[in-house]
């Protein structure tokens, strides 16, 4: 039996197979101990701070001013200001055939304001922190 060459090449073409390959990835996760911990160092520093501030202080002077004047009941004087001075009338009832108000005295209260300097040194604190890490081999590294 003789085989024609065209027939042979046709059979070879039919028998040729090409494999198709596909790669796949497999991913796993695991926990790795990358260090044994950290050490934190905290230091506190104090530094002086100068304070220089004005403070206000009030003083009052009270003086008794005799008046000794009789006034009708419906004309009793009220508290009043004369400039910076507060005048407070002190009333007293006096028994007579009729009742009258007599201004016994007035309080004259004057306020004066003084300014004085106050200087003081106080210590203020500030904190500084450093972190020291430990790895698996026992080495330390500071950050």
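For the reader, a short list of remarks on this structure follows.
- Hey, residue 113 over 26 Å from residue 55 (Cα atoms) and either loosely packed, with under 13 Cβ neighbours inside 10 Å or without any contact (Cβ under 8 Å) to a residue 60 or more places away in the chain (or both) or not: no
Yes/no per residue for (1) over 30 Å from residue 127 (Cα atoms); (2) modelled with pLDDT of 90 or more; (3) under 56 Å from the mean Cα position of the chain (by Cα):
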site	(1), (2), (3)
25	yes, no, yes
31	yes, no, yes
38	no, no, yes
46	no, yes, yes
52	no, yes, yes
83	yes, yes, yes
94	yes, no, no
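- Filter pass, residue 77 being free of Cβ contacts under 8 Å to residues at least 24 places away in the same chain, surrounded by 11 or more Cβ atoms within 10 Å (Cβ to Cβ), more than 30 Å from residue 31 (Cα to Cα) and touching a strand residue (DSSP E or B) at 6+ places or on another chain (Cβ under 8 Å): no
The values are calculated or read from the model by the stated rules, or taken from the named source; none is laboratory data. Keep in mind that this is a model prediction, so the values were computed, not measured. Positions of Cβ are backbone-derived with ideal geometry, glycine not excepted, and every protein chain shown enters the neighbour counts.
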